[in-house]
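Below is one structure; the comments refer to it alone.
Read-outs throughout are calculated quantities, based only on the coordinates presented, and are distinct from any laboratory measurement. Values in this document were obtained by computation on a predicted structure and should not be read as measured data. Cβ placement follows ideal geometry from the backbone for every residue including glycine, while neighbour counts extend to all protein chains displayed.
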Amino acid sequence: MSDTLLKLRYRYWPDHLLGEILSKRWTETAIPVFVLIVVALVFSRAIPGFLAPASLGDTARQFGEIGFVTFGMALVILVGGIDLSVGSMFALTNFCALFCLNILNWPVPLVIVATLVAGALLGAVNGILIGYLRLRAFITTLITLIIYRALYDILILEHSNQIAAAFPDTPLWNFMGGGDVFGVPSDALLYAALAIFGHIFLTRLRPGWHISAIGGSRRSAYNSGIPVRSVIARCYVASGVLTAIGALFFAARLGTVGGDIGTGLEVTVLTAAILGGISLGGGKGSVVKAMVGTLIVLLITNGLTTLSAPGGVTRMVLATILVLAAVIDIRWLKNRHRIISKVYVSPTYHGMPALPSTAADSGTPFAQNDRLRRATAIGVGRIEAPEDVILDRNDYLYAGSRQGDIIRFFPPDYERMEVYAHIGGSPLGMAFDRKDNLYVCVGGMGLYRITPDRHVEKATDETNRSLTSVTDDSRLRLADDLDIADDGRIFFSEATVRYEMHEWPVDGLEARGNGRIICYDPATKTTHTALKGLKFPNGICIAKNGQSLFFAETWGCTVKRYWFAGPKKGQVETVLDNLPGYPDNINLASDGNYWLAMVGMRCPALDLAWRMPGFRRRMAKRLPVDEWLFPNINTGCVIKFDDEGRVLDSLWDLGGVNHPMITSMREHRGHLYLGGILNNRIGRYALPDADPTFVQYDVRWGKQH
Amino acid sequence: MMKIRLSQQVIVFILFVVLFVGFSAFLPGFFRSNNLLTLLQNVAILGILGLAMSIVVIGRGVDLSLVASLSVPAGLVLQMVQYGHSVPAALAAGLALALAFGLVNGWLIAYADVPSLFTTLASGLFLAGLGQVAFFKIDVVQWSAALDGLAVIGRGTLFGIPTPVIMFGLASLAVALFLKSTRLGAYIYAMGDNPNAARVGGVPVRPLIVLQYVLAALIGAFAGLVLAASINSMPTRIFNSTLIYDVILVVVLGGIGLSGGRGGVLNTIVGTLLIGTMLNAMTILNLSYSAQNLVKGLVLLVAILADSFVNPRNEETAQQGDI
């Protein structure tokens, strides 16, 4: 009863989603957005009319002014610095605009240009000091803060009366200060345009990427040829210009040069940037984050002002938010990977029938023996990780290697070897097509093809994205084994979409149906997913009838048959169930049956653990990876089965002395060739009663000369 | 490379002597015993704050909240006594506030890994806001008669020397002893030199960072009491002034590199004398507050530039996010 409940709970409750959602980059923006919604709700409850259109229009106008400054700050933080002088620059450029307009009586366009240039110059001082002279950003901009402020104080002492006396009345200036388009304030329009440009700039354009790269790691950016100093300097100039834009709108709206303009602006803007999730120290941030942060801060300060809180309270609230946001940001950055790795592994219930006996005297076809120990070894110590082996019709022996090569051994003694082709990744399953092309499943890369003249081509590395999955599963992560149907379609398995190749034991610990079978059609060059939700689908072999294929589910300990053509098209039926081990590759045998490699043997401990998801989750959370339960791979075993699912024979290397963990076997001219993904050799076992003329290529594609 | 290595402290001292002699010769009213006493008295507070800052800077940090810990705990003591609380109770409250403030600063920097500049910028704002909102009725808290027993720390003279200066001397002695003669002091130098190496070498880096900020807050509060005693009140708006830049100037000009691990109390004293002389001369020259700030800012900029050439940042031990 409780077992059934457990089964249902793990069958229908999507444990794996939490880790996948947390792995997404957008969750980092989701948190500030959530805070924004909470803040808006709280204030709209406390203050009637807080979110009314009129109030929102005012907020939008201020939002624009502060928003430009936040953009500048965000840019500078993104490149790994900080700009505390924005408040003083704001005051100075505000003064510059009003001075040019009210006292010099310049036309508005010229005023705008002059103000922007002033902002750029002020920013350039910071930029040269920090970018080229490599001063500390924080302390330097703190100093320019007081220098600029002192300048401002001296200037307004002389000119404030003149500025206050003049009332410029030009349409453009008035539009900047108070105009709107369909109720959207003028500065908010420009802000939106700039935000779109900024987003494209940071995510799609090379200079934007340079900025993030420098913020992420200054030294690496330098080593990869990015002009670090000038990019940094230009960021500060940009900060100055953006501040000047904000100041222009401010000047147009209020037209005053009061003593406290821009004081404390740097803290507001800094809070906005950090709160939005732009990481202090650089490298991580986006336009959306800057916008969300600005909105939150603006709502809070406006709300507190409306509630007529004393200035000290606003100060305290801002300081608290600033530190809290910084702490959360820093802790999150530091522990993100740890948190994700803790919650990512989400074991599920996987009940299996009682383990069938494999004892030597059990009388079953699985009875243990040591026949495989007699196998001779090919290429000992010269080849690493031959996951699959295949022979062509000229008796050459091919195997993949850990280094991403396809190695070829020469007949008849297979002593001499050469690198046939280099693909990269981890070459796994292999198959020849009708035209002698060697198709290879490459872990981490996809499906590749080596033409007879040794040319490496990509066949496919993506399939259709499933609509319901959180992670993008369109890319192939672990293409494992393949076979080619008579019509040329290639069916291959992808063992898991949730883990990388070297993490395959973790997928076993999870025992969830993460794998799929994918079909690639060379005729149309299209790829689609045929079956999904499989427990580590591994070996694939087209059945003799040509309308179906056998596939092994490693963690399911089953072999199933999938009909891809004929009257039963689309159906899946179980062929072998409750195997004593974990099945791997399947290949043809000379007597019309099928060979099946066992990558490892089941043991009661893992079987029991598979029925206890909670236990495995605790294990995954509390123990280091190398202390987790691991499937037994110290035994070598190959079995033979027929179309009806009867096991006929089994060959063992019981202690795994010569050939443990056999992942593939291929029959060729009376011998069985054995591959193993962790082995340093290829086995060659003489089959006593096999057809000595059997060549898989000829059986599959007919004899050719 | 120079053959004769002039340490920065010597250069600054020579600079101070030159300035002092120059001002004495050309600035009427500078070299008068009255003015010199004022100079010393003004400089004393700056010097005590400089001591607090130097402890932090030697350990590769910065404390921008020093002015807040100068004004708020001392202001709290004054305010409580005004309200009629007993002096010990008021002192205990002020001490507790400074202690708690230092602990929070230190915890945020050491355990939450927030950069020190950033933490202290925000925490200073917070403490100043707290004082404004919760403690003080008006911006200037008056010295009550009940506190007069304590006034000796800042009022009057001893052997002709103003007591604030004596307090500065005592504090210098204590800090010098701490830095040079105790194991903790040596640890702080090691930590400032290379935090990772210190950690590997078994130095309890995080508790030490907390200790630094606690010490800084306590010294700051002490400076606040001395200031309040000497001017008979605590102007809490001092937080909005540029005093903190003067303190940084003292430390950087004195030769305590911002990259940590270098310098000592002597540097602070020399820096204090130089800055004090400069400020005093500017006051006599009747420069406006803004103009003074401008000059200070430019001098500070030059000092930081020089510092970055004399003590370049160590890229090996600089941390990501160290801004």
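Along the charge dipole of chain A, Cβ charges K/R +1 and D/E -1, which of A:L549, A:S308, A:L145 sits furthest on the positive end?
About the Cα centre, the residue reaching furthest to the positive side is A:S308.
So how do B:136-142, A:234-240, A:335-341 stack up, highest first, on mean other-Cβ count within 10 Å?
So the order, starting with the most tightly packed, is A:234-240, B:136-142, A:335-341.
Given q = 0.05, 0.08, 0.10 Å⁻¹, what are the Debye log10 I(q)/I(0) values for the protein assembly as shown, with equal point scatterers placed on the Cα positions and solvent ignored?
After summing over all Cα pairs, the log10 values are -0.47, -0.89, -1.11.
Taking region B:8-310 as the region of interest, what is the percent of Cα-Cα pairs per 10 angstrom bin, listed from the shortest bin to the one with the maximum distance?
7, 28, 36, 23, 7, 0
For chain B, what does the relative contact order come out to in percent, with C-alpha contacts under 8 Å and a separation of six or more?
Relative contact order of chain B: 32 percent.
Roughly how big is region A:7-341's charge dipole about its Cα centre, with Cβ charges of +1 (Lys, Arg) and -1 (Asp, Glu), in debye to the nearest 20?
1800
Of all GluC sites (Glu not before Pro) in region A:435-501, which ones are in loop regions per DSSP and have a Cβ with at most 16 other Cβ atoms within 10 Å?
Answer by residue number: A:E500.
With a ≥ b ≥ c taken as the square roots of the eigenvalues of the C-alpha gyration tensor of region A:7-341, please select rounded if a/c is under 1.5 and otherwise prolate if a/b is larger than b/c or oblate if it is not?
The shape class here is oblate.
Given H placed 1.01 Å from N in the peptide plane, which residues other than close sequence neighbours of A:Y582 have an amide H under 5 Å from its amide H?
Long-range HN contacts for A:Y582: A:V599, A:G600, A:M601, A:R602.
Under a point spin-label approximation (7 Å from Cα along Cα-to-Cβ), what is the A:D169-A:D260 distance to one decimal in nm?
3.2
Report the local net charge at A:A360: Lys and Arg +1, Asp and Glu -1, summed over other residues whose C-beta lies under 13 Å from its C-beta.
-1
Which whole-number percent gives the relative contact order of chain A, counting Cα pairs below 8 Å spaced six or more residues apart?
Contact order relative to length: 12 percent.
Amide H of A:L84 versus every other amide H placed in the peptide plane: which residues, excluding those fewer than 5 positions away on the same chain, fall under 5 Å?
When sequence neighbours closer than 5 places are left aside, the close amide H contacts are A:T141, A:L142.
Can you tell me which of A:121-134, A:267-280, A:685-698, A:373-386 comes out highest on packing, and rank the rest after it, using the mean Cβ neighbours within 10 Å?
A:267-280, A:121-134, A:373-386, A:685-698
When the Karplus curve 6.51 cos²θ - 1.76 cosθ + 1.60 is applied with θ = phi - 60°, which whole-Hz ³J(HN,Hα) does each residue of region A:573-578 get, with x for Gly and Pro?
Going residue by residue, I get 10, 7, 9, 10, 10, 6 Hz, with x marking Gly and Pro.
Sum -39500 (n - 2.57) across every DSSP H segment of at least 4 residues in chain B, then divide by the residue count to get the 222 nm mean residue ellipticity, nearest 500.
-23000 deg cm²/dmol
Taking a 19 Å limit on the Cα-Cα distance, which of the listed pairs A:K458/A:K535; A:K544/A:K703; A:K532/A:K569; A:K640/A:K703; A:K532/A:K621; A:K7/A:K621 fall beyond it?
Table pairs above 19 Å Cα-Cα are A:K458/A:K535; A:K640/A:K703; A:K532/A:K621; A:K7/A:K621.
So what's the net charge close to A:R669: Lys and Arg +1, Asp and Glu -1, counting the other residues with Cβ under 10 Å from its Cβ?
Neighbour charge sum, excluding A:R669 itself: -3.
Treating only the Cβ atoms of Lys and Arg (+1) and Asp and Glu (-1) as charged, compute the dipole magnitude of region B:8-310 about its Cα centre; round to the nearest 20 debye.
200
Give the long-range amide H neighbours of A:L135: residues separated by 5 or more places, or on another chain, with amide H under 5 Å away, using H modelled in the peptide plane at 1.01 Å from N.
Close amide H contacts, sequence-distant or interchain: A:I130.
Place +1 on the Cβ of every Lys and Arg and -1 on the Cβ of every Asp and Glu in region A:139-229, take the dipole about the Cα centre, and give the residue among A:A213, A:P185, A:L155 whose Cα lies farthest towards its positive end.
Projecting each Cα onto the dipole axis, the largest value belongs to A:A213.
To the nearest 0.05, how large is the calculated FRET efficiency for A:K342 and A:N634 if R₀ is 41 Å and r is the Cβ-Cβ distance?
Plugging the Cβ-Cβ distance into 1/(1 + (r/R0)^6) gives 0.90.
Need one word for region A:95-214: rounded, prolate or oblate. Basis is the Cα gyration tensor (sqrt eigenvalues a ≥ b ≥ c); a/c below 1.5 gives rounded, then a/b vs b/c decides.
Oblate, because a/c is 1.5 or more while a/b does not exceed b/c.
With +1 assigned to the C-beta of every Lys and Arg and -1 to the C-beta of every Asp and Glu, and no other charges, what is the dipole magnitude of chain A about the Cα centre in debye, to the nearest 20?
Approximately 1120 debye in magnitude.
Between A:A354 and A:A193, what is the spin-label point distance in nm, taking each point 7 Å from the Cα along the Cα→C-beta axis?
Using points 7 Å along Cα→Cβ, the separation is 7.9 nm.
Mean Kyte-Doolittle of at least 1.6 and a Cα length of 24 Å or more along the axis: which whole DSSP H helices of chain A meet both?
A:26-46, A:108-127, A:287-306
Below 13 angstrom from the Cβ of B:G50, what's the summed charge of the other residues (Lys, Arg +1; Asp, Glu -1)?
Once positives and negatives cancel, what remains is -2.
Can you tell which of A:L299, A:S88, A:L324 lies farthest toward the positive end of the dipole of region A:7-341, using +1 and -1 charges on the Cβ of basic and acidic side chains (Lys, Arg; Asp, Glu)?
Looking along the dipole axis, the top candidate is A:L324.
For region A:7-341, what is the relative contact order in percent, using Cα pairs closer than 8 Å and at least 6 residues apart in sequence?
Worked out over region A:7-341, it gives 33 percent.
Which ³J(HN,Hα) values, rounded to whole Hz and listed in residue order, are derived for region A:368-373 from phi using the Karplus coefficients 6.51, -1.76 and 1.60 in 6.51 cos²θ - 1.76 cosθ + 1.60 with θ = phi - 60°, glycine and proline given as x?
5, 8, 10, 5, 5, 5
Need the C-alpha centroid separation for region B:278-302 versus region B:114-160, integer Å.
A separation of 24 Å, based on Cα centres.
Karplus couplings for region B:278-286 from phi (6.51 cos²θ - 1.76 cosθ + 1.60, θ = phi - 60°), rounded to Hz, Gly and Pro as x?
4, 4, 4, 4, 5, 5, 5, 5, 6
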